[in-house]
Structure formats: structure tokens, C-alpha cells
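These notes are about the structure you will find just below.
The values are calculated or read from the model by the stated rules, or taken from the named source; none is laboratory data. This one's a predicted model, so the numbers in the text were calculated from it and none came from an experiment. Cβ atoms come from the backbone with ideal geometry, glycine included; neighbour counts cover every protein chain shown.
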Amino acid sequence: MRQLSALLLGATLVTAQSAPGVDANRLPSRYVERATVRWASDAEGGAPFVFADPADPSREVGFEVDLAAAMADDLGVRFERVQTPWENLVQALDRGDCDVAINGLEPTPERRRIARFTRPYYVFMQQLVVREDSAIRALDDCSGLRVGCLGQSVSHTELLRRGGVEPVVYTESARSFLEVENGRNAAVLCDLPIAVAQLKLFPRLRAAGEPFGRDYYAIAVRLDERDLQLALDASVARLWHNGSLERIYRKWSMHNEAQGEIGALSQSGGEHGQVGDAPITDKESRTGSELGLLLAAAAKTIGISCGAFAIAVALGLALALARQFGPRPVRWLVICYVEAFRGTPVLVQLLFLYYGLGQWEALQMPAWLAGVIGLGLNYAAYESEVYRGAISAIPRGQTEAASALGLSGAETLRFVVLPQALRLSLPASTNDFVALFKDSAVVMVISVVELGKQYQMLASATGRFVPLGLLTCALYLAMSVPLAWLARRLERSLDGDKA
Amino acid sequence: MIEVRGFMKAYAGRTLFAGFDSTFERGKSTVITGKSGSGKSTLLRILNRLERQDEGTLRIGDLEIPANLPHAEWRRRAHALRRRVGMVFQGYHLFPHLDVLQNVTLAPVRAFGVDPRIAEQRGLELLSAVGMDGARDRRPARLSGGESQRVAIARALATEPEALLLDEPTSALDPRSTEDVVRVIEGLRAKGLTLVIVTHHQELARRLGDRVVEVGAVGDSGSLHRL
């Protein structure tokens, strides 16, 4: 409620009064001169906000695309969209990458530290969505189950607040719904507009229980641009009064009684709001729990990296041997494998493995396992080339000496060539292992919260990019430095005399 | 006894030797000499099946290896032959990832199935015989050239071959190391091991050989002359 009253204060009344010398109804002159306002949003977030038109994917559509267009008309400037990851919208604003952020943003205390918010342009509630055949009727039935949500959203906060469920974080609504449809997650909690839009695409899912809670979408502007906030407040009020907002809500099946609040806000009077300066309430230090979260995520990074590298070494060695000694068709298959996995982004491979193959029930696996296998298959291609190079580097005299001693080809390989080749490949292999530790962050695209993702989430939520970034880097170094040290020790022990 | 009949080998469009016959008798030491590029090392490599002759037949005891065998059969017989003939290389080719004793015991244990303890015992005896018993735990990288070659000889003897082939065993060594290695070879000769030694050193040839064969590949016809 504190949030609401702050908003009411801040959002009120923009139409009549204005600060001396400033016409609150008009855009600040710097924008008028430029005739452009750059608005940030994330098209990956999906319907109904901003998304690619399924009929013509080169065109962006959505309720906020329409809102921006209406404001552009109202203010007489062009609104130019800037694609920005949703988690980083207010940071992008703060850095000056854009002028406003319009993308289903709730004015949370964390965000209000970094940005100033206009009056709300939409009132939304939370909706739980489950499979048609599910027995779940409300969030209370989800105890101990996996429930999807968008990272750093009201839904995410709600799941964390309630406890008892296992929140699974996504950057994109469609994926969180897909995961309920294919049975990986029990439910997804999301903003009502998202539920309405996505349920049209997922006919096997249904809403569970009534919508609950009450929160607001508002436009974020930079802290020091109060004049811009006032101009946008006035514009939202005009759009409400002339019926434009309602038309937009109806077009996207978003209209409901709750929206009356928007109108009520624009009727009231009073001082200009100080939304951007609203008191920051959650000042208590959270470093302790942040470190705990980062450590847990680092453990996941270690697990995924070690598992993936074990696959990479075993498969890479098999591939190298097949390429070196196999019959011609096998050699060609290996070459195809190596080129295919080396020549395509690991990100695409992971999405394909997890979401693509996951459409068949037999090929479904937990996200962490898909991460381990995907990274393992990818790195196997690199390792196989490292081992192949090392095997070719063993002088012919070594194999001749072994043959002359009566060792068979297989014995020569096992006792003479491979031990030397593995020693030769150790520096390059260590290099790859260290690289894998860092690259493992890419598994965040399949909803695994490892160290990189945890940092992103914590930093975006708190705005503490620098201290948390240093802590995260320290954790990555704490993994890679001992690894390099161990590898050097292993090299020395392989080289050295026993005496 | 190793018998060679009608050997011919061409290399890079050049005939190294043709119509070559020779018998390497049991318990005798044969030295093969000749100028660089005359084909003497190639002949030795053919004797150990590291290369194939183009024509002719190699026989050791009851094992016969003619030219033009199908590949699989050639490999089978070559493998059988190598178990009866040891080889020492000019460049030693010790296994750098194994210590001295492991170099000696690798083939007996891994290829011949000898009990590791017995192989180790025998390996130490061989190292002692070549004067290297104090170096059992050292890696080849820490050995001098002469030491390496003496370990290589012990390694070749560990499989108890009927004959030992030595390819320029001293050419990479300084005079003192050469003397150490030559003494070891003299010891083997005294014990009655069949030896075939390739060297371009005339003095070494006289000192080590019961018989000296000079390979003189000159011009296109290139033939192997016997002295």
C-alpha cells in the first residue's frame, strides 16, 4: 500500500498546476528540439507488451507499442524503440542508452533508487496458470513444486515472499508457459495481461484460481528529469480522458474494472508528486544473503562445468582417435561433428537441446542436465582437436620403437602414444577448462540460475553492479586460479623424476 | 638364423639395392657399412619389418615373409617376427613419460604378459649388465646420450630376442660414451647373441663384426656389394 500511496501522490495531477516557468503539459524543450524520445523495452518479453507480429515478424506490435504511438501523437514527437534486456531497463535508462522505459515495469523500491516513475498507465494482478489436467487450484497447492516466473518481476518477489515453492526464473514468458505445458514445471505465476495473451497460444493450459494482488505499470525516466516525468504524466492523463487508453486495453483484451483506478488518479488534485524521490524503505544490509545466493550459484557453476568437461574429455578423446585411426566414413562423420559444434553458437545448441528436443517427452531432461550435456558436446569438439594435434605431435620414432619391441597397435596407442599426447595436450586442455567455467554462464538461457545469472539478477534488483560484480569475479577467480595451479602441478609431476 | 633372398628396394625413384642375398648366422655378428644414403639403414629396417621390401623373401627360422603379402597377413607375420628380433635405434627413442626401469619392462609386461615382478627383476639385471642399474628411477630426459643408448639396448634385450639389430648405435655419441656402448655390444657378442650392426665407422666395423658387408649403392643400378 505504501507503494500505492506514493504513486497516488506522485502521479496526481499533472494537468492543472505546473512549476513556475515550466509548462508541465509540454515536453521539455530538449526533446522537442530532437523531436524524438527513445523508449526502451524488451521484445523478448513477449505478448502482450512488445513482441514480433506473428503474421509479419519484421513488425513489432503490442500494447506498449500502441501506448508509445499514442503518446507520440499526443506529444508531437517520434517515439523510437530501443531493444534492451528487461532485467536491465532502468540501468540502461540511468546510463543514457534511452530516455524512458515502457515495458511492464513496476515501480519497486529497488527501481526507484535508480529511476523516477510516472503515474501508472495500467493496473494489473497476478494470475496462476497450470496444465488443463492439473489438480492445482491456487498457489497454496504448489508447495514443494516448481513454479515458473519472470526474473525480478512482481511474481518472482511474490514466490520468494511466500516460500514453500521452488521458483524457476525465466527471461521470457513463452518459455515459462512451455515448461508448464511439457510438465517440467507445475505452474507459472505471471501478470494477468501475460496470462491472457499466452493462454491463447497454449490451449492445454488454464488459469488456476482468481487473479490476486494489485500492482501498477508505470513509465521510468531518469531521476533528474522531473520535467519529463511531468510531461508524460500529463500525456497519460490525456490519453485516459480521451479514451485512447481504454481502446488500447480493449484491443489487447486487457480491459477490466480495475483500470478505473487509472481514471480516479487523473481526477484527483494536489502537489506534484515526488515519486522518484520516494523514501527508500529496504535499507537493511543484504550482503550476507547475497553472498549465500552467489555461493550456491557458484556451486552450480562448478557442478555444471565439471560434468560438462568430463563429457568433453571422454568424447573428445574418442572423436580424436576415430578421426586419426578410424575408417574413412567414420573420419568424415567426426569432421562433420567437429565443424557443426564448433561452427554454431553454443547458445543456439543449448536452446535446441533443451526446448527443441524437449518437445518429445523421451528427450526431456532437467535444465541443468541439458546444460551439462550441451556444453559437454560443444567442448568435446574443441577437445578432440586438441587431442588430435597432440597425437600427431608424437614423433614417429616412438611408435616405431614400440612396434620394434613387439607392442601391437592398440598397445602402442595405450601405453606409448596416449600418455605422451595427454601430457602435451594438458596446457591447451586446462585453458579450455578455465574457459568452460566462464562460458557455463550461457546456460542461463535455459533457465539455470548459475553464478553469472545470479549476479545479473541480484545486481539488477539492487543496482549494486560494482560490489556484487567484484564479488562475482572473485568467485570465478576462486575457481579458475586453483584449477590452473593444479594443472601446473600435474604437468610437473608428469615431467619429473620420481627420484 | 636370418636369411635374405633376392631383396630389392626402391626409394623415391631410386633403387637402393637389387638381387641382394645374405645369411646372418646364429651367434655371429655382421656389420653392414656404406656411405650415407646407400640403403644400409633401410635394409636393417626391413629386417625388423618397419619397412617392406619390394621384392624378395625374408626368413627367420620357420617364419617366412615374402614381398607382396596381403596387408593383414603381412602385419601378422611382422608382429611375430618383431617378437624374435630386437632393434636399437640411432636416436634411442626411449619413452620419455616412463622412467628407465619402466622403459625396460614395458614390452615384457604389456606385450608378452610377463609377471611384473619377474620383468622388474630381469630388467634390473639387464640394466646392471649395461651399467645403468643406478638409474632405474630416472626419466630419459635426464640421461646422457651414451646412457640413453645403453638403456635402449637393455630395453631391446628385455624381450629376449633371438637377434639384435643396431642402427648406427654410436653415431650420436662422444668418444667416451661410444666406448661404453661398444663395450656393452662386445659383451653381447661374447655371449653369442646374433647381431646385425649398421655403422659407417670402419674401425667399429672391424672391432665388432665377424663379417662386414658393404652397401654401395651408386648410380641407377645401385647394388649391394659383398666383401
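Is it true that A:VAL449 is more than 22 Å from A:GLY316 (Cβ to Cβ), outside any helix (DSSP H, G or I), more than 14 Å from every other protein chain (Cβ to nearest Cβ) and not aromatic (Phe, Trp, Tyr)? Criteria met by A:VAL449.
In the set (1) at pLDDT 90 or above; (2) over 17 Å from the mean Cα position of the chain (by Cα); (3) more than 22 Å from A:GLN398 (Cβ to Cβ), B:ARG176 fails one condition alone, (1).
Those residues that are among the polar types (S, T, N, Q) and crowded, with 19+ Cβ neighbours inside 10 Å, I need them from region B:137-188; list them, please. Within region B:137-188, B:SER148, B:GLN149, B:THR159, B:THR170, B:THR178 meet the criteria. Determine whether region A:468-487 contains at least one residue that is assigned to a helix (DSSP H, G or I), under 30 Å from B:ASP167 (Cα atoms) and not small (Gly, Ala, Ser). Scanning region A:468-487, I find no residue that is assigned to a helix (DSSP H, G or I), under 30 Å from B:ASP167 (Cα atoms) and not small (Gly, Ala, Ser), so the answer is no. Whether any residue in region B:28-48 is within 14 Å of chain A (Cβ to nearest Cβ), under 15 Å from the mean Cα position of the chain (by Cα), buried (at least 17 other Cβ atoms within 10 Å of the Cβ) and basic (Lys, Arg) is what I want to check. Yes, that holds for at least one residue.
Could you go through region A:450-460 and let me know if any residue there is over 25 Å from A:ARG175 (Cβ atoms) and buried (at least 20 other Cβ atoms within 10 Å of the Cβ).
no
For region A:390-411, filtered to residues that are part of a loop (DSSP other than H, G, I, E, B) and more than 7 Å from every other protein chain (Cβ to nearest Cβ), the residue that is surrounded by the most Cβ atoms within 10 Å (Cβ to Cβ) is A:ILE394.
Here is a yes/no grid of residues against (1) under 29 Å from the mean Cα position of the chain (by Cα); (2) crowded, with 19+ Cβ neighbours inside 10 Å; (3) closer than 26 Å to A:THR157 by Cα:
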site	(1), (2), (3)
A:GLU179	yes, yes, yes
A:LEU230	no, yes, no
A:ASP233	no, yes, no
A:LEU245	no, yes, no
A:SER253	yes, no, yes
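Please verify whether A:ARG414 is facing another protein chain (nearest Cβ under 10 Å) and in a helix (DSSP H, G or I), treating the condition exactly as stated. Here the answer is yes, as A:ARG414 does meet what is asked.
Within region A:143-175, restricting attention to residues that are closer than 18 Å to A:GLN454 by Cα and among the hydroxyl-bearing types (Ser, Thr, Tyr), the residue that is surrounded by the fewest Cβ atoms within 10 Å (Cβ to Cβ) is A:THR157.
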